[in-house]
Every structure is written in structure tokens, then in C-alpha cells.
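Step one of this worksheet: look at the structure below.
Coordinate-derived values only; no laboratory data. As the structure is a prediction and not an experimental result, all values here were calculated from the model. Cβ coordinates were reconstructed from backbone atoms using ideal geometry, including for glycine residues, and neighbour counts include every protein chain displayed.
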């Protein structure tokens, strides 16, 4: 799967048709080839793969998931693309990270090909987010308010982010307003001092 958005100069950011393309463009513009990133919810592995592709040989990704099937699927995807050496797969909750990173990525909800009862929860997300805000320079949170827990997560994240001081964080919210229950993105960047 070739990502067209890897070629920065070939994409018109106004033409990006879905939240994943828009989000990946933000990550690509933010990271440099030696960055360290965290995918807090690896799921199918597509976000981990994208991060591994845009980082150079010195760049690294820690990828978390509580479901073994998600870790295995991500491992297979990375192996097929010869990128497994750039990623540390961690089968545990994202409530506490092993080491700090420049960018922390959350793609919330449930793993589509698994038990849809196992989902991220607002309480664990807020705990994880608090930890991420202590070290990250940017945080990306994609929410899916089309299911009950996803709606709770979006509301909890929004409430928590409104409390962050604007002198420390720039926070934006992106959503397609003419698509009911469309995924949405919170994009946070730390202010330069």
C-alpha cells in the first residue's frame, strides 16, 4: 500500500477527504526523520505503519495495544513492509508509556476485526493523556462518536482539553460537520518557549 501523502509537495491539504489523510498529513509535517513517536492504540497497524514509513532509519515508534490479535496483525503488516525493526510492539494498556516521545497518537474506539466489547474507555484515556502531556510536543486524538463509548470519550477529551492553558498548548478540533457521527480529531501542539 503506497501512501500518496508521503510526497509532501504532491498533496493539496484542502483536498484531503477523510480524517485519516488529514491526520497523517499533520504527523508528517510535525515529525522529522529522527523523531520518536508513540501509537497508543495500534489496532490494525495502519497508523504504526505510516509512522514507521515517514521516520528515517534513526526514527522509532512504540506501538501499544491490549489485544494480542492487534499486536500480531500489526507485526505481520510491519514485517511485510520490512519495517518491524523500527517499531517496539507492546501488549499492554496505554495508560502509562515506557518512555517519552515527540508525538503521541491515539486512534480510539474498538479493533474492527475483534471483540467490539473491548474498547478504549474515557477514564483510561484521560489517565494516558495526562501522562502524554507531561512529555509530548504534539498529541493527536481521533475519536469515533458514532458508538456509545466513543461519544463518551470525545466528550471527556473535549472537557479535559478545555482546561489546558493556552500559554502552554495550541489545541484545534477538526470534524466534518455535514457527516453525522463522523470521526473527529483533536490536534495539540506544545507552545515554543
Packing-based ranking, highest mean first, of 43-51, 91-99, 128-136 given that Cβ atoms within 10 Å are counted: 43-51, 128-136, 91-99
Two-decimal ratio, the range 122-188, of alpha-carbon radius of gyration to 2.2 N^0.38 Å: 1.10
Stretchable slack from residue 69 to residue 168, in nm (0.36 nm times residue separation minus alpha-carbon distance): 31.9 nm
Potential extension, residue 98-residue 58 segment - 0.36 nm per residue separation minus Cα distance: 12.5 nm
Net length gained if the chain between residue 159 and residue 88 were fully extended (0.36 nm per residue, minus Cα distance): 22.4 nm
Estimated FRET transfer efficiency (residue 127, residue 175; beta-carbon r; R0 22 Å; 0.05): 0.35
Cα-Cα P(r), the range 68-193, percent of pairs per 10 Å interval: 11, 39, 36, 13, 1
Directionally averaged projected area (convex hull, Cα atoms, the range 23-116), nm²: 5.5 nm²
